[in-house]
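S.K.: To start, I am sharing the structure in question, which I have written as structure tokens.
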Amino acid sequence: MGKVWVYAELNQGNVTPTALELMAKARELGDVEAIALGAGAKAAAATLGKHGAKVVHVNEDAAFDDFIAEPATDALAALHKEQPADLILFGFTPDSRDVAGRLAARLEVGLISGAGDVAAKDGGFVAKVPYFGGAKLASMKANKKPAIVLVRPKSFEAKEIGGTAEVKDLNVTIDAGSKRAHVTERVVEASEKVKLEDARVVISGGRGMGGPDNFPLLEDLANALGGAVGATRAVVDAGWVPYSMQVGQTGKSVRPGVYIAVGISGAMQHTVGMKASKVIIAINKDAEAPIMKMADLGVVGDALKIVPALTAAVKAKKR
Amino acid sequence: MTSALKIVVTVKQVPDPNSNLTLEADNTLSREKEVVLDPGDECGVEEGLLLKEAHGGEVILVSMGPEKAKDAIRKGLSMGADRGVLITDPQLAGADALLTARALAAAIKPEAPDLVICGTESYDGSTGMVPPMLAELLGMPQVSFAKKVEIDGSTIKVHRQTPDGYQVVEASTPVLISVTAAIAEPRYASLKGIMAARSKEIKQIGLGDLGIEKGEPAETIEGLTEAETRKAGSVIEDDGTAVDRIIQLLVEAKVV
Ligand SMILES: Cc1cc2nc3c(=O)[nH]c(=O)nc-3n(C[C@H](O)[C@H](O)[C@H](O)COP(=O)(O)OP(=O)(O)OC[C@H]3O[C@@H](n4cnc5c(N)ncnc54)[C@H](O)[C@@H]3O)c2cc1C
Ligand SMILES: Nc1ncnc2c1ncn2[C@@H]1O[C@H](COP(=O)(O)O)[C@@H](O)[C@H]1O
């Protein structure tokens, strides 16, 4: 069995859910070692151990949190030089993408991005990647070592299996030459009561909502159902709602119990972020919209009429 | 403080988002049909032009693609960019992200720009991996997901979009940024701009000029399968019972 690394991205000192999803897959593929960098890395090692890491390489240098990509690239490259990995898994998240791309270029190995699955094959690794507008899946074989694969969030289910990881200090000096893109401030705009990624019910709106003034209709329904509101890129780009609400290829991946797509056509770049939802309901005035072909229930009609009626019905049901 | 900026914008020609993609026999995407300048890169060109207008300097467009990709460069030139460089070589057909980044880096390095602007991800490749690779190969820091940029002397200040808001990131030039569509609304090329673009230089170079070897591909496509599609459920007209049907489904899913 090969040596599989999981780059365990931390968020404010906590292991991100995506890192734990990667752990679940990594366990099937080889001996798992995780790399945790920045504040909270040592504490994170315990969680990673419970998810199957045999070894967790840690370094709590503040540079990992304060500077984009380069310090982490240095650390991974240094570790790889000492004890090479066969496969390195990253989450397809904004921060990990930057690190993975740099690392691949530095090691001259290339990488496979946006994968939905990874498998061991003939001593190497093959990843499944959406291709041709998402209509097809390509099996991409990594020809170099290490294979670097960026996996979309929510591709696997995280599962704790118990265990304790050996914690090793990752020795690397981050010099000034890598402290260049300095994060000087963090601004949080998302004011969601329920986090989109964790919500049991997601109600997303698209251009068919007609305008930003109608989005409160979705908020009302979300409140009644205890869910969160999402959106398509079309309405985010139009400035109706913030990017934090965007679902899809360049936004968030969600996997709720119920996803209600309102006034959304169902472009592949949107559906790639929600098609793993258990139940999909679509409300669209066009019976031929692609979203109708993947919904468990498609309702053809005017969203602006149906949504308020639905909210009222949900409230009545709860009484 | 303003000092003139040398700005490189990477621009890719992609299939027109409003037309259908086709697959070649070797599983590469056909780019020969209707093609346009990548809408994401159009935003990059716009931001480059805005910065040039504010600080003075030069905007150079660099693209890798077939000869036809000159059209994409020409589009950016008609918006106001100064000149273009096209890397074209039969060996580069179907190039992966690393080879693309290597070729772009080799073409950009001699320009010694203060700023390189890329799109976040291309419309057809969409791996978003060229920008970080390019930054590494150019030895520059990268600030991704840039939605607002200010430059003061050699200091650049970027609002970097994050999943729940944004970060303020500071760096010194030379630096590479990859921009989101929120950065700037691309301008229309004026008739004057279109006329002027005709006489602007587009330098064409090949792999040999860049002194790089193609090398073995970092990854290969072993096969294609149909993506798993969800089964269509029922589609109903909203005849007054639709809300009840939805409620029924919500009850079955145990969310009400
Ligand atoms: C590289 C790249 C990345 C992308 N990433 C993403 C991403 O992360 N997320 C994303 O969502 N998109 C993404 N896109 C964009 C995507 O391709 C689509 O353009 C977008 O999802 C369309 O949004 P929409 O469904 O809101 O709008 P439209 O496609 O315009 O659809 C609007 C729908 O509303 C319906 N409608 C209109 N009026 C009503 C009414 N009164 N009642 C009910 N229905 C009505 C219409 O029938 C139509 O089906 C990306 C594109 C590219 C090129
Ligand atoms: N062949 C190319 N020529 C010029 N720029 C490119 C090319 N491929 C990618 N890029 C740049 O890199 C960005 C991200 O593309 P990608 O990594 O392919 O998703 C694009 O928006 C372009 O700015």
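S.K.: Inside 10 Å of the C-beta atoms of A:104-116, what's the mean count of C-beta atoms belonging to other chains? Don't skip to the answer; put the middle values down first.
M.R.: Values: counts 8, 14, 3, 1, 5, 3, 12, 9, 6, 8, 6, 0, 2.
Whole-number average of other-chain Cβ neighbours for A:104-116 is 6.
S.K.: In the range A:11-29, which residues have a backbone nitrogen under 16 Å from the label point lying 7 Å from A:Val183's Cα in the Cα-to-Cβ direction?
M.R.: Within reach of a label on A:Val183: A:11-19.
S.K.: OK, next. Can you tell which of A:Val201, A:Val172, A:Val126 shows the greatest fluctuation in a Gaussian network model of chain A with Cα springs below 10 Å?
M.R.: Highest fluctuation among the options: A:Val172.
S.K.: Also, quick follow-up: Return the value, in Å² to the nearest 100, of accessible area buried between chains B and A (probe 1.4 Å, both sides summed). Walk me through the numbers before you get to the answer.
M.R.: Details: alone 14760 and 15760 Å², together 23870 Å².
Summing both sides, the interface buries roughly 6700 Å².
S.K.: Compute the relative contact order of chain B as a whole-number percentage, counting only Cα pairs closer than 8 Å that sit 6 or more residues apart in sequence.
M.R.: Values: 477 pairs, mean separation 56.1, N = 256.
After rounding, I find 22 percent.
S.K.: With no solvent and one point on each alpha carbon, what is the Debye value of log10 I(q)/I(0) for the range A:1-80 at q = 0.27 Å⁻¹?
M.R.: -1.33
S.K.: Computed FRET efficiency, Cβ-Cβ of A:Lys121 and A:Glu157, R0 22 Å: what is it to the nearest 0.05?
M.R.: Working: r = 22 Å, r/R0 = 1.01.
E between A:Lys121 and A:Glu157, to the nearest 0.05, is 0.50.
S.K.: Quick check: with the 1.4 Å probe, what order do B:Ser199, B:Ser234 take by accessible area, largest first?
M.R.: On the way: B:Ser199 105, B:Ser234 45 Å².
The ranking, largest first, comes out as B:Ser199, B:Ser234.
S.K.: Run the 1.4 Å probe and let me know the accessible area of A:Thr173, rounded to the nearest 10 Å².
M.R.: About 120 Å², rounded to the nearest 10.
S.K.: Roughly how far apart, in whole Å, are the Cα centres of the range A:35-91 and the range B:190-227?
M.R.: The two parts, judged by their Cα centres, are 35 Å apart.
S.K.: Let me ask something else about it. Using a 10 Å cut-off around each Cβ of peptide A:214-222, what is the average number of partner chain Cβ atoms that fall inside?
M.R.: If you average over the peptide's residues, the count of other-chain Cβ atoms is 0.
S.K.: Could the peptides B:112-124, B:70-82 be put in order, highest first, of the mean number of other beta-carbon atoms found within 10 Å of their residues? Each step should come with its number before you reach the end.
M.R.: Values: B:112-124: 23.5, B:70-82: 22.0.
Descending mean neighbour count gives B:112-124, B:70-82.
S.K.: Here's something else I'd like to know. May I have the convex hull volume per residue, in Å³, for the Cα set of the range B:196-251?
M.R.: Values: hull volume 17.7 nm³, N = 56.
Spelled out: Cα convex hull of the range B:196-251, divided by residues, is 316 Å³.
S.K.: Let me ask another. For chain A, with a Gaussian network of springs between Cα atoms less than 10 Å apart, report the residue from A:Ile88, A:Ile35, A:Ile281 with the top mean-square fluctuation.
M.R.: Maximum among the listed residues: A:Ile281.
S.K.: Okay, helix-only estimate at 222 nm for chain A: each DSSP H run of n ≥ 4 adds -39500 (n - 2.57), divide by all residues, round to 500 deg cm²/dmol; what do you get? All intermediate terms of the calculation are to be shown ahead of the outcome.
M.R.: Numbers: 9 runs with 90 residues, N = 319.
After summing the helix terms and dividing by residue count, I get -8500 deg cm²/dmol.
S.K.: Under 37 °C and 0.692 mPa s, how fast does chain B diffuse according to Stokes-Einstein, given a Kirkwood radius computed over C-alpha pairs? Answer in µm²/s, whole number.
M.R.: Diffusion coefficient, whole number: 163 µm²/s.
S.K.: Per the Kirkwood treatment, what hydrodynamic radius in Å, one decimal, follows for the range B:106-152 from the mean inverse distance over all distinct Cα pairs? Could the numbers behind the result be given before it?
M.R.: Details: mean 1/r = 0.0843 Å⁻¹.
Its Kirkwood hydrodynamic radius stands at 11.9 Å.
S.K.: Tell me, what % of the accessible area of the range B:59-186 is carbon and sulfur with a 1.4 angstrom probe?
M.R.: On the way: 1820 of 3830 Å².
Heavy-atom surface of the range B:59-186 belonging to carbon and sulfur, 1.4 Å probe: 48 percent.
S.K.: Along each of its three principal axes, how wide is the spread of alpha-carbon positions in the protein assembly as shown, in whole angstrom units, largest first?
M.R.: Computed over the protein assembly as shown, the largest-to-smallest principal extents equal 71, 65, 52 Å.
S.K.: Please provide three numbers in whole Å: the alpha-carbon extents of the range B:107-197 along the principal axes, with the largest listed first.
M.R.: 39, 35, 32
S.K.: Suppose each label sits 7 Å from its Cα in the direction of the beta carbon; what would the B:Thr220-B:Glu237 distance come out to in nanometres?
M.R.: Inter-label distance under the simple model: 5.6 nm.
S.K.: Considering every residue in A:296-305, what mean count of other chain Cβ atoms within 10 Å of its Cβ is obtained?
M.R.: Details: counts 8, 9, 7, 10, 6, 7, 1, 1, 0, 3.
Mean partner shielding for this stretch: 5.
S.K.: Report the residue, chosen from A:Glu185, A:Glu197, A:Glu288, that carries the largest GNM mean-square fluctuation when chain A is represented by alpha-carbon nodes joined by springs under 10 Å.
M.R.: It is A:Glu185.
The values are calculated or read from the model by the stated rules, or taken from the named source; none is laboratory data. Computed from a predicted structure; not experimentally measured. Cβ: placed from backbone, ideal geometry, glycine included. Neighbour counts: every protein chain shown. Heavy atoms of the whole protein, side chains included, go into the accessibility calculation; ligands, DNA and RNA do not. Shrake-Rupley method; radii C 1.70, N 1.55, O 1.52, S 1.80 Å.
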